[in-house]
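Undergrad: Starting off with a structure, shown below.
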Amino acid sequence: MNIILGSQSPRRRELMAGLDIPFSCVTIDADESYPADLKAGDIPMYISRAKARAYVSELQDNDLLITSDTIVWLNGEMLGKPQDEDDAKAMLASLSGQTHEVYTAVCFADKNGELETWVDCTKVTFNTLSEEDIDYYVSKYRPLDKAGAYGVQEWIGYVGVTRMEGSYFNVMGFPICHVYERLKKYLK
């Protein structure tokens, strides 16, 4: 089985490498828009499938493509990747002192277009963040490539996250334990 990770995310690549299973990486250019009526975990599920469908015609007989997408869900609204630093600061201010959900969907696809998709959810509670904390984090770490404008594995996670229910790695953008469990059936 040739495992192909369809992701530009350095965090997903790092987590996948931690499994000690050979894999290759590809960049997939896919439309990441989604129907307006989708909510919470349905959004990343839709997008992870769109990523897989955009690349499935490139797959060979023994290939397994893995795609993924992550969003932050706060008070009935999706927080994706920020547009700029001001947007990142606004997102972090909205997360301050609140509990939100992080949804990551993972999709396995084969040459025939067969898709196996699931979503994982982790609840994250943030401490109250000062304006200075937010400004420091955004200027030093530039979280413009991260859903919700933060990386839990970075400084803001150290000082801001007070509680977590679910997978830490899901919050990083890839629920690697669940990926491994599902991969085992393909690796036999």
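The values are calculated or read from the model by the stated rules, or taken from the named source; none is laboratory data. Only a predicted model underlies this, so the values are computations on that prediction, with no experimental measurement involved. Reconstructed Cβ throughout: ideal geometry from the backbone, glycine too, with neighbour counts over all protein chains shown. Heads up: the accessible areas ignore ligands, DNA and RNA and are worked out on the full protein's heavy atoms, side chains in. Shrake-Rupley method; radii C 1.70, N 1.55, O 1.52, S 1.80 Å.
Undergrad: Per 0.36 nm of contour for each residue apart, how much would the distance between Asn112 and Thr162 grow if the chain were fully extended, relative to their Cα-Cα spacing?
TA: Details: separation 50, 0.36 × 50 = 18.00 nm, distance 4.41 nm.
The span from Asn112 to Thr162 would gain 13.6 nm if fully extended.
Undergrad: Ranking request for peptides 6-15, 178-187: highest mean number of other beta-carbon atoms within 10 Å first, then the rest in descending order. Kindly include the intermediate steps, with their values, before the conclusion.
TA: Details: 6-15: 17.6, 178-187: 13.9.
Packing proxy ranking, top to bottom: 6-15, 178-187.
Undergrad: Could I ask something else about it? Taking amide hydrogens as modeled 1.01 Å from N in the peptide plane, which residues meet the under 5 Å criterion relative to Gly97, leaving out close sequence neighbours?
TA: Phe126, Asn127, Thr128, Leu129
Undergrad: Report, in deg cm²/dmol and to the nearest 500, the calculated mean residue ellipticity at 222 nm for the chain, where each DSSP H run with n ≥ 4 adds -39500 (n - 2.57) and the sum is divided by the residue count. Let's see the in-between values first.
TA: Numbers: 7 runs with 63 residues, N = 188.
Helices in the chain give a 222 nm mean residue ellipticity of -9500 deg cm²/dmol.
Undergrad: Also: Which label marks the calculated value of Kirkwood radius over Cα pairs in Å, given the options (1) 19.6; (2) 16.2; (3) 16.9?
TA: Working out Kirkwood radius over Cα pairs in Å from the coordinates points to (3).
Undergrad: Ignoring ligands, DNA and RNA, what percent of the 1.4 Å accessible area of the chain is carbon and sulfur? Could the numbers behind the result be given before it?
TA: Working: 4100 of 9370 Å².
Carbon plus sulfur share of accessible area: 44 percent.
Undergrad: Leaving out same-chain residues fewer than 8 places away, which lysines sit with a Cα under 25 Å from that of Lys39?
TA: Hits, sequence-local ones excluded: Lys51, Lys81, Lys89, Lys123, Lys146.
Undergrad: With θ set to phi - 60°, apply the Karplus curve 6.51 cos²θ - 1.76 cosθ + 1.60 along region 32-39 and write out the HN-Hα couplings as whole Hz, x wherever there is a Gly or Pro.
TA: 3J(HN,Hα) across region 32-39, in whole Hz: 9, 6, 8, x, 5, 7, 6, 10.
Undergrad: Within the set of other residues whose C-beta is less than 14 Å from the C-beta of Ala88, count the net charge using Lys and Arg as +1 and Asp and Glu as -1. Please report the intermediate quantities before stating the final value.
TA: Details: positive: Lys81, Lys89, Lys140, Arg142, Lys146; negative: Asp84, Glu85, Asp86, Asp87, Glu131, Asp133, Asp135, Asp145, Glu154.
Around Ala88, the charge tally is -4.
Undergrad: Let me ask another. Using the heavy atoms of the protein chains alone and a 1.4 angstrom probe, what is the accessible area of the chain per residue in square angstrom?
TA: On the way: 9370 Å² over 188 residues.
Dividing the accessible area of the chain by its residue count gives 50 Å².
Undergrad: Same structure again: Given a Förster distance of 25 angstrom, what is the FRET efficiency for Glu132 paired with Arg13, based on the Cβ-Cβ distance and rounded to 0.05? Before the final figure, lay out the partial values.
TA: On the way: r = 33 Å, r/R0 = 1.30.
So, using R0 = 25 Å, E works out to roughly 0.15.
Undergrad: For Gln98 and Asp37, what is the calculated FRET efficiency with R₀ set at 30 Å and r taken between the beta-carbons, to the nearest 0.05? Before the final figure, lay out each step's value.
TA: Numbers: r = 24 Å, r/R0 = 0.81.
It comes to 0.80.
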